[in-house]
Amino acid sequence: MDARSPKARGGDALRDAAENLFQELQEHFQALTATLNIVLEEMGNRIEDLQKNVNDLMVQAGIENSIKEQMSIWSQQ
C-alpha cells in the first residue's frame with residue numbers, strides 16, 4: 001500500500017487545517033494581549049492622575065495629610 005493513500009492524504013489535510021487554526025488562534029491571542037496591555041497601562045495612568053487630583057484637592061481644602069501619607073498610614077494597620 002502506498003504511503004500516500006487517500007487515508008494518509010486526508011490525515012495530512014486535517015493536520016494542516018489544525019496547524020492553520022492554531023496559528024490563527026495564536027495571532028488573535030497575541031493581538032488581544034497587546035490590546036489588554038495598552039488598556040491596563042492607560043488605566044494605571046488614569047489612576048495616577050486621579051490620585052494626584054485628589055491630593056491637590058485635599059491640599060486646597062487644607063487637609064494636612066496627603067494621599068501618600070494616608071496610604072502609608074493605612075498600610076501600617
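Contact map, the stretch 31-48: first residue touching a residue at least 60 places away in the same chain (Cβ under 8 Å) and surrounded by 10 or more Cβ atoms within 10 Å (Cβ to Cβ), second residue small (Gly, Ala, Ser) and outside any helix (DSSP H, G or I), Cβ cut-off under 8 Å, separation 6 or more or different chains; the map is empty.
GLU64 meets all of the listed conditions (1) open to solvent by less than 90 Å² (accessible area, probe 1.4 Å); (2) of a type outside the set (S, T, N, Q); (3) modelled with pLDDT under 90 but one, namely (1). Given the condition modelled with pLDDT under 85, loosely packed, with under 10 Cβ neighbours inside 10 Å and in a helix (DSSP H, G or I), answer yes or no: does some residue in the stretch 10-23 qualify? Scanning the stretch 10-23 turns up no residue that is modelled with pLDDT under 85, loosely packed, with under 10 Cβ neighbours inside 10 Å and in a helix (DSSP H, G or I).
The values are calculated or read from the model by the stated rules, or taken from the named source; none is laboratory data. Remember, predicted model here, so these are calculated numbers, not experimental data. Please note: Cβ atoms are built from the backbone with ideal geometry, for glycine as well, and neighbour counts cover all protein chains shown. These accessible areas exclude ligands, DNA and RNA; they are computed on the full protein's heavy atoms, side chains included. Shrake-Rupley method; radii C 1.70, N 1.55, O 1.52, S 1.80 Å.
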